[in-house]
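Structure first, commentary second.
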Amino acid sequence: MSASAPSMFGAAAQQTAARLGLRMGRPNLDAFADTLLELARADRNVIAVTGDSRGSGKLTPFGQALPRQIVEIGIAEQNLVGVAAGLASAGKNVFAVSPACFLTARALEQIKNDVAYSDNPVTLVGISAGVSYGALGTTHHSLHDFAALRAINNLTIIAPADNFEARAAVQAAAAMSRPLYLRFGKAPLYDLPAAPFAVGRARILREGRDVAFIASGETVIHALLAAAWLEAKQDLQCRVLSMPAIKPLDNETVQQCARECRAVVTVEEHMVFGGLGEACASVIAQAGVNCRFKIVGIPDEYTVTGSQADIFRHYGVGMEGLAQSALELLKP
């Protein structure tokens, strides 16, 4: 029997979360699966298409409850996207579910042409995203998906940060009737402080004018904990933004952070090239705003071998690493 994976949250992070009164939620995939089943029970046109990922996508209960609303393609991601696009063109509300690393690499041409260019309202669901696969390594990590998909016109990109965002994003995807990519990891996550959700708008979780943390997906909680640690240990007031939509980006709020705060740190479970950080940097630079700025993510290398938690800590994506990045950025 293999040992359990290390917790995403060390002792200090757990203590900080307890001090903030945060409650541990479920993996976002659970919230996704429950919400999709609710939508499908109410609307027979909601269809799940899977690529041998019914179990890993938490869709086994969906298949048992609504066997006529799920299509199993097998390990054939290009076919998966093509079938999903065909169903969408026939009026179905389609959620195409497959591991993010394969969905956004093997089927990139189909995403570009069959979904986005053809304007078929498919919700592409990348599961086990980022470095969720841990020690399976670079072949199974999706550190390219934001970069590749941001370059495709007519495609919304959303990475939920907690169960609330996951549920809201699935509901929004079902209602939007447009090409969309949803990205989910596997780790249980703390529930974030309440803030409104809208596609294309940041959620402001904490106010401050020393450092602004702009984060997406499963990194948001680590940014929030870093901000709380910096307040307790360094008397710094840090703003924390959850940026669910990588595209369309909330340009206005990004610029506001750059103008009002002493420094900006972006955080993402993605390569430092082509993702949230470079999107924010472009917005800030083109607005002519001068601020101290740092992108925290995975550098230009094959990741170290280890669990998701190991990889986060190694690259400074956890609470302690983010706090240190902020302090270094504020040095005279």
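The values are calculated or read from the model by the stated rules, or taken from the named source; none is laboratory data. What you see is a predicted model, and the numbers here were worked out from it, not measured in a lab. No Cβ is skipped: glycine too gets one built from the backbone with ideal geometry, and neighbour counts run over all protein chains shown.
Could you list, in sequence order, the residues of the range 299-315 that are assigned to a loop (DSSP other than H, G, I, E, B) and surrounded by 17 or more Cβ atoms within 10 Å (Cβ to Cβ)? Selection gives T303, G306, S307, Y315.
Let me confirm something: among S216, S177, which residue is surrounded by 24 or more Cβ atoms within 10 Å (Cβ to Cβ) and of a type in the set (S, T, N, Q)?
Details: S177 fails: surrounded by 24 or more Cβ atoms within 10 Å (Cβ to Cβ).
Criteria check complete, one pass: S216.
Looking only at the range 86-106, which residues are small (G, A, S) and crowded, with 24+ Cβ neighbours inside 10 Å?
Taking the range 86-106 first, the residues small (G, A, S) are 86, 88-91, 96, 98, 100, 105.
The answer is A88, A96, S98, A100.
Restricting V272, V283 to residues that are of a type in the set (V, I, T) and over 25 Å from I127 (Cβ atoms) narrows the list to V283. When A147, A105, A100 are checked against the criterion of being at pLDDT 95 or above, under 18 Å from G275 (Cα atoms) and in contact with an Asp or Glu (Cβ under 7 Å, 6 or more places away or on another chain), a single residue qualifies: A100.
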